Protein chains: 2
Amino acid sequence: MNMPVSPIIIPVILSGGAGTRLWPLSRNTRPKQFLHLHGENTLIAETLLRCRGELMDPNPIIVAAESHRFLVAEVLRELEIGGDIILEPMRRDSCAAVVAGALHAMGRSRDALILVVSADHDIPDKAAFGNSVRAAVPPALAGQLVAFGIEPVTPATGYGYLLPGAVIAGGPARELIKFVEKPDRETAEKYLREGYLWNSGNFLFSAKSFLHEAETLAPAVVAAVEQSYKSARQDHDFLRLDEPAFAASPQISFDFAIMEKTSKAAVVAVSYAWSDIGTWDAVANLATKDENGNAIVGHGHVRQGKNVFIHAEQTLVAVDGLTDIVVVATQDSVLVARRGHTEQVKELVGALPSAVAEEALSSLQQHRLWGHYELLEKRHDHEVRRVHIFPGGTIDRQSHKDRAEHWVLVSGQLEVVIGDRKMQIVENIAVTVPSGSVHQVKNTGSIMAILIEVHTFVEPKPVRVG
Amino acid sequence: MNMPVSPIIIPVILSGGAGTRLWPLSRNTRPKQFLHLHGENTLIAETLLRCRGELMDPNPIIVAAESHRFLVAEVLRELEIGGDIILEPMRRDSCAAVVAGALHAMGRSRDALILVVSADHDIPDKAAFGNSVRAAVPPALAGQLVAFGIEPVTPATGYGYLLPGAVIAGGPARELIKFVEKPDRETAEKYLREGYLWNSGNFLFSAKSFLHEAETLAPAVVAAVEQSYKSARQDHDFLRLDEPAFAASPQISFDFAIMEKTSKAAVVAVSYAWSDIGTWDAVANLATKDENGNAIVGHGHVRQGKNVFIHAEQTLVAVDGLTDIVVVATQDSVLVARRGHTEQVKELVGALPSAVAEEALSSLQQHRLWGHYELLEKRHDHEVRRVHIFPGGTIDRQSHKDRAEHWVLVSGQLEVVIGDRKMQIVENIAVTVPSGSVHQVKNTGSIMAILIEVHTFVEPKPVRVG
């Protein structure tokens, strides 16, 4: 085996999940990976920080949904991590995403190993994670597709299982004998007795070996993604895969297309804490409890209750006389569910009346390349937004026929162009953009600029001074 | 008995309750009587409409807490009902309030009967209520203090009970033998068997006879309230009782001070639907249920649940896998309680950490003589409000050293004075009030004026035009 002194591992972060399972906190516009549920940061930020270290390329590849591009860009900016963001024009499941990541990694180095990780899992022990990756390097360099298998602590029915076999080249990696889908309870108990491991959904392998294998096992996926990658175009910080080509890919998971079929699979067993945080019950299990088993994130209060979990960042939740309950409150929605019943949140959201569901699934916060904004109020004749613009952020020239805008800068400084008038405005200055006026905004200061915008959906009329 | 052809009954509406029992909807700043819980209107509006008819003085007397004066004024304005609003400078319980109402009624007519009613009860059948009042007129004119006793439908432990005796002068009024406090369950069951009635807390009597009786039974209350009434001052639409004098009154309920002790009590038995809506369980009981016993007011959804009550006007509440539960969500707070457990809401709110409680008990909406405003956002450096000003409403001259204000008129028209500049502004006009500037606002239009105000807590700086 020909092992270079410093193999480069390129992290490929899969950020494709839409995620209504943690509704109402997760939304189509802000799925699970962008939530702060456990640890210091959002799950994707923790994932990015976990994939750093001596063997790692400091510039990860993130494969993300087109609609989440600004959220991903914002995380990278906040962490001061460089990285390439590949945008999927539509969801084609994880096999296509891994192929896109592998192709991009090959462009950096034909010998690259890629560390394929989900953006929305929780692994608090970064050092243990790094050690497991290092243990997987030799088999990966030898062309094996290495899975990370978690020593199971319960007969969970929500995970896939891996059966390890003979030790490879002195270990700790072992052959992977069997890769199986989520079992029923009885089967899961049997798996525990027989030494199966949980499939963590994280993998290490050589991009070249993987693509070679994928060409055999999933040729239609490789063909479609290769074509969409060749025709991709760079747009700001984003690499946009070609839409028609990508659309031609079969919609199939990496596990099903590759790992269940390949003869080159290996597994490294690990025993660190891991969760895919797939339900509110999982979040509740990670939380610190008081002597009654109650856990409160944010503003909550429990009276005469046990095993109550409250997540309420902006509102106050008070629970009285109840046990085994999960309450999650956001500014516009509240979930109240029985503990152990939260796997059904997806169905619950799916059953909402369509008029309600659309609003319930979109977020009050919208992200853009220049920053983000939050809706404070929406009525038939006006709308109020709080707008945050990054230092250097520019809102391109635009005009709105149907509304006038009134801005009050409450923090920072901006260069504002309205029509042919250019102004520098600072805190506590208000400006009006008449409907139809072309305008452009740039944060020329060194701090986040915060603007309150009042949009009025009426025609402007003259002021009479008496 | 000397019975005039058309006795005038002056309704005395007691609006003194503070009411945290329906938290989070009821707040110190907006207690139960101002909520829309059942029927077409708020409870106080329904009460005012119930107290109209041929024998009734069309101008009721409302005895209210000083802090609720604008809410009361707004209800009267909306219903186009005249009426005198007497303000209690502090809470001294119902005996003092009834004395104040009786004194004021005597000022209108020395022979007045007064119909003392709670502002926050639910009696949907206005005709039946009117009939019961007419039935109480003869004994009231004869100097009896007539209570209205509800035929009980359950052995409720939350109400006082009345034991009727011999029929008076051909009925339907009867002597009141016993007036008893809230019983335990066993006693309540005995009361039902023995023909007791619920005390509805509504009464009819002559103001003069009542005051005469009160002078004997509660002389300190009468002395204090008489003094505070003599020294009262008219302020806009309000009669403000004198604070030091009123403070001297003992804090005692009308039931305890008068009804339990007087020998002049009578009772008219009625069988109309009545509720004091004292708990969320009571509200839930009044609501229309689906086949699973679920009731939703506002935006709610129940999946696999039974006997779920949801009240959510502005947010969406989704409940999954739970039974016998009450969820009440407002913009800033959520209550989740077991059905049958909502009598403890007062204790729950009392147990909130003090920092949280203050916010939880005040409302986002604040009422003023000129209209009301609602807080849309409050941050360290700015605040955003939606302000509603009635036609003709005037915000008096004022200035704020610590903040500048930026106003955008989204509806209606205003006359605005800022410093020595007077302007007429219309929809879609923005004006800035620099910190320290004296300003005044008047709605000179014929519709509600709606203003978005952005307050910035920073010093204004000059605009540079480039």
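The values are calculated or read from the model by the stated rules, or taken from the named source; none is laboratory data. Since the model is a prediction, treat every value here as computed from it, not as a measurement. Here the Cβ positions follow ideal geometry from the backbone for every residue, glycine too, while neighbour counts run over all protein chains shown. Remember, those area values only see protein heavy atoms, side chains included, never the ligands or the DNA or RNA. Shrake-Rupley method; radii C 1.70, N 1.55, O 1.52, S 1.80 Å.
Averaging Cα coordinates gives a centre for the stretch A:187-226 and one for the stretch B:293-313; these two points are 44 Å apart. Taking 0.36 nm per residue of separation and subtracting the Cα-Cα distance, full extension of the segment from residue B:440 to residue B:288 would add 50.0 nm.
In this rough spin-label picture, where each label sits 7 Å from Cα along the Cβ direction, the residue B:400-residue A:169 distance is 7.0 nm.
Per the Debye formula on identical point scatterers at the alpha carbon atoms of the stretch A:307-460, with no solvent, log10 I(q)/I(0) at q = 0.11, 0.12, 0.16, 0.17 Å⁻¹ is -0.60, -0.67, -0.92, -0.98. Solvent-free Debye calculation, one equal scatterer per alpha-carbon of the stretch A:379-440: log10 I(q)/I(0) at 0.22, 0.25, 0.30 Å⁻¹ equals -1.02, -1.29, -1.53. P(r) tail for the stretch B:28-124: Cα pairs beyond 24 Å make up 17% of the total.
Restricting the GluC sites (Glu not before Pro) of the stretch A:115-207 to loop positions (DSSP other than H, G, I, E, B) with no more than 16 neighbouring Cβ atoms within 10 Å leaves A:181.
Taking the three principal axes of the alpha carbon atoms in the stretch B:249-323, the coordinate ranges are 56, 32, 20 Å, sorted in descending order.
Once the Cα-Cα distance is subtracted from the 0.36 nm per residue extended length, the residue B:423 to residue B:127 segment shows a gain of 101.5 nm. Beyond 49 Å, what share of the Cα-Cα pairs of the protein assembly as shown remains, rounded to the nearest whole percent? Pairs farther apart than 49 Å: 39 percent. Within the protein assembly as shown, antiparallel bridges make up roughly 60 percent of the DSSP beta bridges whose residues both belong there.
A P(r) calculated from all alpha carbon pairs of the stretch B:172-231, with 5 Å bins opening at zero, reads 4, 12, 16, 18, 16, 11, 12, 7, 3, 1 percent. Among the listed pairs A:306/B:306; A:378/B:346; B:182/B:264; B:190/B:261; B:178/B:306, those with a Cα-Cα distance over 32 Å are A:378/B:346; B:178/B:306.
Sorted from closest to farthest, the other copies place their residue A:422 label points 4.3 nm away, with each point set 7 Å from Cα along Cα→Cβ. Distances from residue B:248 to itself in the other copies, using label points 7 Å out along the Cα-Cβ axis, amount to 9.7 nm in increasing order. Residue B:187 to residue B:41: FRET efficiency via 1/(1 + (r/R0)^6), r the Cβ-Cβ distance, R0 41 Å, to the nearest 0.05? Step by step, r from the Cβ atoms, then E = 0.70. Here the calculated FRET efficiency for residue B:374 and residue A:358, from their Cβ-Cβ distance with R0 = 30 Å, stands at 0.75, rounded to the nearest 0.05.
Site pair residue B:243 and residue A:220 shows an inter-label distance of 8.1 nm when each label is modelled 7 Å from Cα along Cα→Cβ. With contributions of -39500 (n - 2.57) from each DSSP H run of at least four residues, the per-residue ellipticity at 222 nm computed over chain A stands at -7000 deg cm²/dmol.
Per-residue mean of foreign Cβ neighbours for B:339-345 is 2 (Cβ atoms of other chains, 10 Å radius). When restricted to Cα atoms, the stretch B:291-340 yields an Rg and a Dmax of 9.8, 31 Å, respectively. Taking trypsin sites (Lys or Arg not before Pro) as exposed when their DSSP state is a loop state and no more than 10 other Cβ atoms lie within 10 Å, the longest site-free interval of chain A runs over A:111-400. Once the mean of 1/r is taken over each pair of separate Cα atoms and inverted, chain B shows a Kirkwood hydrodynamic radius of 24.4 Å. When chains A and B come together, the accessible area they lose, probed at 1.4 Å and totalled over both chains, is close to 5700 Å². Taking every alpha-carbon pair within the stretch A:99-237, the share separated by more than 25 Å comes to 36 percent. Sorted from closest to farthest, the other copies place their residue B:235 label points 6.2 nm away, with each point set 7 Å from Cα along Cα→Cβ. Between the beta carbons of residue B:180 and residue B:153, assuming R0 = 22 Å, the FRET efficiency works out to 0.75 to the nearest 0.05. Hey, could you get me the Stokes-Einstein D for the stretch B:161-262, Kirkwood radius over alpha-carbon pairs, 25 °C and 0.890 mPa s, rounded to whole µm² s⁻¹? For these conditions, the coefficient is 152 µm²/s. Projecting label points 7 angstrom from Cα along Cα→Cβ for residue B:271 and residue A:313 puts them 5.8 nm apart.
For the stretch B:251-385, the alpha-carbon radius of gyration amounts to 1.40 times the rule-of-thumb value 2.2 N^0.38 Å expected for a compact globular protein. Candidate membrane-span-like segments in chain A, meaning DSSP H helices with Cα atoms spread over at least 20 Å of their own axis and a Kyte-Doolittle mean of -0.5 or above, are A:93-108, A:126-141, with no membrane implied.
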